[in-house]
1. Add +1 for every Lys or Arg and -1 for every Asp or Glu among the other residues with Cβ under 9 Å from the Cβ of Tyr71, and state the total.
2. Taking the highest mean first, how do the peptides 33-41, 65-73 order by number of other beta carbon atoms within 10 angstrom per residue?
3. Which three extents, in whole angstrom, do the alpha-carbon atoms of segment 8-55 cover along their principal axes, largest first?
4. With all pairs of different alpha carbon atoms counted, what Kirkwood hydrodynamic radius in Å does segment 1-102 show?
5. Restrict the search to segment 1-79; then list the GluC sites (Glu not before Pro) that DSSP places in a loop and that have at most 15 other Cβ atoms within 10 Å of their Cβ.
Amino acid sequence: YPNLYVDIAGRAGESAATPRATRRFLVRYADRVLFGTDNGTDPGMYRMVFRILETDDEHFYNPDYGYHWAYSGFRLPDDVLRKIYYGNAARLLHLDEHPNEHEKTADHRPSALGGRVLVAAAHLERRN
């Protein structure tokens, strides 16, 4: 289904328990995965999501989620992270894909990407 897209909201606990399979899926379908979260705006939540997506850390817990299984990171490549964090949303919404210019689109309308995706994009830029 070439027009099917997914976001990663609400899947950290389940996907981080199967890191190798999830990594293969995210890399294979990187053009159809969007960043999303349904866990509010707490900085600690973002740190946990970034840790899962970006590192290869193993067997760690997030006490805020209350799951009984351990998480492991996916260590996604930077090109995949760019697509998930902001590139795919920008492409789908026909917006500028450059996170440095995220405040306005080409016709000076406020960006429709939303604050959470912008946080992820800014995080990736700082990391590099």
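Every read-out reported here was derived from the displayed coordinates using simple, explicitly stated rules and does not represent laboratory data. Treat the numbers as computed from the prediction; the structure is a model and nothing was measured. In this analysis, Cβ positions are derived from the backbone assuming ideal geometry, glycine residues included, and neighbour counts consider all displayed protein chains.
1. Details: positive: Arg51; negative: Asp57, Glu58.
In short, -1.
2. On the way: 33-41: 16.4, 65-73: 14.3.
Ranking the peptides 33-41, 65-73 by packing returns 33-41, 65-73.
3. If we take the Cα atoms of segment 8-55, the spans are 30, 20, 17 Å.
4. Details: mean 1/r = 0.0706 Å⁻¹.
Kirkwood hydrodynamic radius for segment 1-102: 14.2 Å.
5. On the way: sites: Glu14, Glu54, Glu58; in loops: Glu58.
Qualifying residues, ordered by number: Glu58.
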